[in-house]
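As structure tokens, the structure follows; a few thoughts come after it.
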Amino acid sequence: ITSHHITDSKPQDIMKWNGWGYSDSRFLFNKKGQGEFTGKRYRLSGMILPSLKDWFEATFGTSLQHKTPATPTLNVSAVPPPNLVEPFVEELKVAGVAASHDPEGRVFRSHGHCLHEIFALREGRIGRVPDLVVWPNCHNDVVKIVELACKYNVCLMPYGGGTSVSSALECPLEETRSVVSLDTSQMNRILWIDEKNLTVHVEAGIIGQDLERQLNESGYCTGHEPDSMEFSSLGGWVATRASGMKKNIYGNIEDLVVHIKMVTPRGVIEKSCQGPRMSTGPDIHHFIMGSEGTLGVVTEVTMKIRPLPEYQKYGSIVFPNFQQGVSCLREVARQRCAPASIRLMDNEQFQFGHALKPQVSSIFTSFLDGLKKFYITKFKGFEPHHLCVATLLFEGDREKVLQHEKQVYDIAAKFGGLAAGEDNGQRGYMLTFVIAYLRDLGMDYYVIGESFETSVPWDRVLDLCRNVKERIVRECKERGVQFPPFSTCRVTQTYDAGACVYFYFAFNYRGLADPLHVYERVEHEAREEILANGGSLSHHHGVGKLRKEWMREAVSTVGLGMLQSVKEYVDPNNIFGNRNLL
Amino acid sequence: STRRGIATTGRLNPKVNPGLKKRDELEDMLEERRRSSDARHALRCYAPAVYKGLAPREVSALRGAVLQSDALQHVIGQVSAECGERRELVQEEAAHLLDEMAHRLRLGTVRFFAYVLSKVFKTLFRSVRVNEEGVQRLQQAIQDHPVVLLPSHRSYMDFLMMSYILYTYDLALPVIAAGMDFMSMKVVGEMLRMSGAFFIRRSFGGDKLYWAVFSEYVKTMLRTGYAPIEFFLEGTRSRTGKSLTPKTGLLNIVMEPFFKGEVFDIHLVPVSISYDRILEESLYARELLGVPKPKETTSGLLKARQILREDYGVMHVYFGHPVSVRSLAQGRVKRSQYNLVPRHIPQRPCLAAQALVGEAAFRLVRLQEQAMVLRPWTLVATLLLQNPDGMDLPVLEEQAAWLRRLALSFGAFLDWPDCKPCREVVGAGLALHKNLARVSGGRVRLAVAETPGVGQTAEELAFDRAVGVLSCASYRNQILHVFIRPALLSVALRTANSSRKDEVYTCFNFLWTVFSNEFILCPGASVQDFEEACYLLGKCCAVQESQQDIVMSEGGHATLAFLRALLDPFLQGYQVVCQYLCKETEENLRENKFVPAARNFALQLILAGTLKCYEALSSDLQKNALAALVQLEAVTKVKVIPTQKPVHARL
């Protein structure tokens, strides 16, 4: 083990133990009450956000006087002592696999980023945590670990980037065996690049941003960019059927994967060749993708790569209302001319985006902004409380991008859309990386919230968005939430037959006896509403334990039985016992 | 508690004792009209609050939206394929149907109506009293959700008055589903159209295209929040003063956009409209006796001018709490059943949805009934009908006071002024209805002829008397919903072999089933109704309940006797129908021959002096009795293929 790996195996040193992302990056309100984003990592870092406070107070009815700070440090004595199977630990040591039962490391791997998980940590509440963390270094290490786990009946829970939002990483309360967190972070090497076939063979523990950076150095990319790519791992993408922002060009994980190697209690599963498509019965990759760590550990993956695009261009379009925006996206999808990414924010999110505008550097910019606003609202007659914005990202060779751009803007014009500049577009995408940090700011001031997603046929997009948002508002009211919640959505992906819709939902919980319970009930009802309106249980977050109750309804009893029988064959003793999905 | 009421009424909890229900105050809306200029009222600035999600739409744009809708296009495609007609022709036909149907709401016409109706209503009515809290609730509901207005239907005045009230209170004007019969009144039909009425054919059972045009038209208006939709659950005006068994066709249509997720919720607002005197009073009685309903003609309406000279007392309009369809469907209908078929393709609703709509229809009619303002005269009419030989005025007053207490304890919405002595209240009712009851020599009796007039046959005399009795009965019928459950129990107590609860219930349930077409008894709720009846009779100390038994209390005789007498005309009438069916010798009786024959049979019994119950002549009662017998499988309906006319064969 190199020193480089030791630092990497302790991510808690540079990442928050009870919040999102890097320790040095966070939102705060400074002494003047101005919003600020600390650190140096992001475009927004070190900037003052003058409108954030007003937006925050007006949206949530909060006051900066009322704070709910988090427990500053982890109380190690609150962590339950590990339940270790000594011979298992001994044999691991003999096999040369790194392991630790250090409490901080165990707590760090005991959760994903669901609201209830983070909320509990902020209050210093520690539930069931894994008893041991192991760091395999390669595929063969995993084979050994799984063999030993079977031998000693130890429960294994694979851990990649820890960005789950489906309670997938929570240790099942009913689990009495020793729980071992199998951290894949040390399996992070690119093993080879095949330029003839444009594929790359990677160890599955690699983190998204590292994979892209290293490939970029060779002039390639996978183009797979989920919003969590800073922290999430390749193995995690495979295990949850991840989706990337630029799937319109590169495809989702299922389109990108050529070959998967997974270690299961029955042995290793993989295909014998790397043919681009096969007719060999149901695709066994589809048992693996979305298995959410219930069948084994993905150790190595061959993925498609593409040469880095010559040119990238952001863009944005303002629409008079959400309905027009959706119609435009639908038309873009119909003509199959979607840019690498196209996203449509509703009015609330548009205003939210404005609240995150950094202080403008010159009078000229602010003058220009004023002029734009005047043009859109007064001259074009857009109602400020109805208009909404689409953000775009084009990629490819320069000429084609410009041509493509024109095509999309021409379609937009038919739906009353006005081009609103590159800057707005770029800011929109930057926001997707910092938005997760904002929840921590909210939690400092009695505001809790979460995002969730679905996919839905085109003809139901509008109805679903309206009904789910309204359901959230209504359920909050009925459960005693004093101030109307922030309930907003955006369309983040387009497909031939439908779209992916993302909801953000947050509320001020002052005065509530059990805010988490209220939150969970509202999220539950929102999911019911999604399903009643023809939306799916999940587009890319997965099921985990959070949405398990709807699996039967989602895939039918026979479907569930099929999945169960696979589990029974592959892992009869439930070694991979995270109890997700089924 | 009223605020919470809005949120929870959606569940329509039938267990709530109606007697404890808090009701809103009523204000006279004509008062303002009597003080200020009608012309100014008609021309005033009218800017109602609209649905928050309203997609602004002109009448012509609405037409295009309906004709181009996926749903209608789908059916046009089907029809064109089925009958081999060119698609354009079917499309044209659909456009034609829509034009025949569609309203053309114009503010100018509404203003004209506002002016004329101000004059008319002030002449006809002493006051029109409205619960303004209900109006406010409605105003809020209209902004929050698509709204369906469901008024009770007793008179042509109903929908004119509804629109008039909404205009007066600056609420969004409704579009109203009206029967096609109005269309024959050329000018008036067009006027109504321009004030928001749309016209539907009375029957279009098999006509797929018509159904598609119609339902898409209604749903488009609802989905877009274009205007509140108004229709009559009872389908037609009740000629008897009792609520009619609700029709579910339109209710199905307006609830579907919720089931399919096209709207977040829909609010159904029951509206109870009650009259001191119904304009069509004797007209209805004659219709029930077989004089056909006069065809609606404009000149006929003009002849009705003489109506304007009479005093129709007070009119009451009570806007009930909005009932949320979402709350109704909660846990009952799985909306995801529509996930697998495009929503524009017609899909038969699942059994759960059908059951829900049926149940909702009954409950809504009951809500209408319960908020119907009852005037003291209805109690007087009830007593007079039970005493055909007349009553001494003091006795009548005393009994009316007794009945008032009973009705109130059963939860009746009785408008009996507390401050006035009983004598005055009864007197006022008798004065307003002097055509129906006569006071002479300190004795009150129904105003029916004793001896035949000059040149009048015995039949004509009986007919005359029947008109009087049925007119009077139409007022008694207004309070029946208050007493019906205890009345059924009173009869059951008498007929049951023992006082054991289960035996009494068996009798109750039989009567309940027999009369399920006659009164608003929600399907499947007989146990609930039995419990309610036991509770009410226990409350007024008429019966005593133990674990096993239910018996009359010592002082319960008067109450039980009164309640039995209340049901007596119906029991007798149904018996006459049964006797007739048993005596009828023709093996196959055509349905359209049944009513005249049954009426004639009853008339002969009356002429022979063996039957005193004139209500047995009512065609409404006869039809209900037949329906009950069909339901009980005592009579079967057979379709005769060549003529397509249903025929009854006795078992």
Failed item, numbered, when A:Pro484 is tested on (1) within 14 Å of chain B (Cβ to nearest Cβ); (2) in a helix (DSSP H, G or I); (3) under 30 Å from A:Lys67 (Cβ atoms); (4) not small (Gly, Ala, Ser): (2)
Given (1) touching a helix residue (DSSP H, G or I) at 6+ places or on another chain (Cβ under 8 Å); (2) more than 14 Å from chain B (Cβ to nearest Cβ); (3) part of a strand (DSSP E or B), number of the condition A:Leu516 does not satisfy: (3)
Residue in region A:303-313 that is open to solvent by 10 Å² or more (accessible area, probe 1.4 Å), under 23 Å from the mean Cα position of the chain (by Cα) and without any contact (Cβ under 8 Å) to a residue 40 or more places away in the chain present: no
Selection count, region A:530-569, where residues are open to solvent by 20 Å² or more (accessible area, probe 1.4 Å), more than 14 Å from chain B (Cβ to nearest Cβ) and either not in a helix (DSSP H, G or I) or not aromatic (Phe, Trp, Tyr) (or both): 18
Residue in region A:413-423 that is at pLDDT below 95, open to solvent by 10 Å² or more (accessible area, probe 1.4 Å), outside any loop (DSSP other than H, G, I, E, B) and within 21 Å of A:Trp55 (Cβ to Cβ) present: yes
Candidate set from region A:422-432 (those that are in contact with a strand residue (DSSP E or B) (Cβ under 6 Å, 6 or more places away or on another chain) and not acidic (Asp, Glu)); member that is farthest from the other protein chains (Cβ to nearest Cβ): A:Gln426
Of all residues in region A:433-457 being open to solvent by 10 Å² or more (accessible area, probe 1.4 Å), among the hydroxyl-bearing types (Ser, Thr, Tyr) and within 19 Å of the chain's Cα centre (by Cα), the one that is nearest to the other protein chains (Cβ to nearest Cβ): A:Ser455
Residues of region A:384-412 satisfying the condition of being within 11 Å of A:Phe319 (Cβ to Cβ) and open to solvent by 40 Å² or more (accessible area, probe 1.4 Å): A:His386
Residue list for region B:478-497, filter: more than 25 Å from B:Leu403 (Cα to Cα) and open to solvent by 40 Å² or more (accessible area, probe 1.4 Å): B:Asn497
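Of the residues B:Ala114, B:Ala71, which is part of a helix (DSSP H, G or I) and within 14 Å of chain A (Cβ to nearest Cβ)? Quick ask: steps written out before the conclusion?
Numbers: B:Ala114 fails: within 14 Å of chain A (Cβ to nearest Cβ).
B:Ala71 is the lone residue from the list that is part of a helix (DSSP H, G or I) and within 14 Å of chain A (Cβ to nearest Cβ).
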Meets criteria (within 14 Å of chain B (Cβ to nearest Cβ) and open to solvent by less than 50 Å² (accessible area, probe 1.4 Å)) for A:Arg460: yes
Which numbered condition A:Val202 misses (of (1) in a helix (DSSP H, G or I); (2) open to solvent by less than 10 Å² (accessible area, probe 1.4 Å); (3) not basic (Lys, Arg)): (1)
Output for region A:490-512, where each listed residue is open to solvent by less than 30 Å² (accessible area, probe 1.4 Å) and within 14 Å of chain B (Cβ to nearest Cβ): A:Gly498, A:Val501
Number of positions in region B:399-433 that are under 18 Å from B:Leu563 (Cα atoms), open to solvent by 60 Å² or more (accessible area, probe 1.4 Å) and either in contact (Cβ under 8 Å) with a residue 24 or more places away in the chain or small (Gly, Ala, Ser) (or both): 2
Flag for A:Tyr504 being within 27 Å of B:Glu262 (Cα to Cα), out of contact with any Lys or Arg (no Cβ under 6 Å at 6 or more places or on another chain), of a type in the set (Phe, Trp, Tyr) and in a helix (DSSP H, G or I): no
B:Glu88 vs. criteria touching a residue at least 60 places away in the same chain (Cβ under 8 Å), part of a helix (DSSP H, G or I) and not β-branched (Val, Ile, Thr): no
Qualifying residue in region B:562-585 (condition: more than 20 Å from B:Ala616 (Cα to Cα) and polar (S, T, N, Q)): yes
Test for B:Ala360: is it modelled with pLDDT of 95 or more, of a type outside the set (Ser, Thr, Tyr) and within 26 Å of B:Val135 (Cβ to Cβ): yes
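Go through the residues of region B:440-449 one by one and say whether even a single one is farther than 22 Å from B:Leu603 by Cβ, of a type in the set (S, T, N, Q) and in contact (Cβ under 8 Å) with a residue 12 or more places away in the chain.
Checked region B:440-449: no residue is farther than 22 Å from B:Leu603 by Cβ, of a type in the set (S, T, N, Q) and in contact (Cβ under 8 Å) with a residue 12 or more places away in the chain.
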Every residue from region B:331-348 that is under 21 Å from B:Leu268 (Cβ atoms), more than 7 Å from chain A (Cβ to nearest Cβ) and either touching a Cys at 6+ places or on another chain (Cβ under 8 Å) or touching a residue at least 60 places away in the same chain (Cβ under 8 Å) (or both): B:Val333, B:Lys334, B:Tyr338
Residues satisfying the stated conditions in region B:265-276, i.e. buried (at least 23 other Cβ atoms within 10 Å of the Cβ) and either within 13 Å of chain A (Cβ to nearest Cβ) or not in a strand (DSSP E or B) (or both): B:Ile266, B:Asp276
Among (1) in a loop (DSSP other than H, G, I, E, B); (2) touching an Asp or Glu at 6+ places or on another chain (Cβ under 8 Å); (3) not β-branched (Val, Ile, Thr), the one test that A:Leu28 misses: (1)
Residue satisfying all of: in region A:513-527; among the hydrophobic types (A, V, I, L, M, F, W, C) and surrounded by fewer than 19 Cβ atoms within 10 Å (Cβ to Cβ); nearest to the chain's Cα centre (by Cα) among these: A:Leu516
Yes/no for B:Thr585 being modelled with pLDDT under 90 and over 28 Å from the mean Cα position of the chain (by Cα): yes
A:Arg474 being more than 11 Å from chain B (Cβ to nearest Cβ) and part of a helix (DSSP H, G or I): no
Restricting region B:349-375 to residues that are open to solvent by less than 30 Å² (accessible area, probe 1.4 Å) and in a loop (DSSP other than H, G, I, E, B), the residue that is nearest to the other protein chains (Cβ to nearest Cβ): B:Ala371
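The values are calculated or read from the model by the stated rules, or taken from the named source; none is laboratory data. Keep in mind that this is a model prediction, so the values were computed, not measured. In this analysis, Cβ positions are derived from the backbone assuming ideal geometry, glycine residues included, and neighbour counts consider all displayed protein chains. When the accessible area is computed, the model is the full protein with side chains, heavy atoms only, and any ligands, DNA or RNA have been set aside. Shrake-Rupley method; radii C 1.70, N 1.55, O 1.52, S 1.80 Å.
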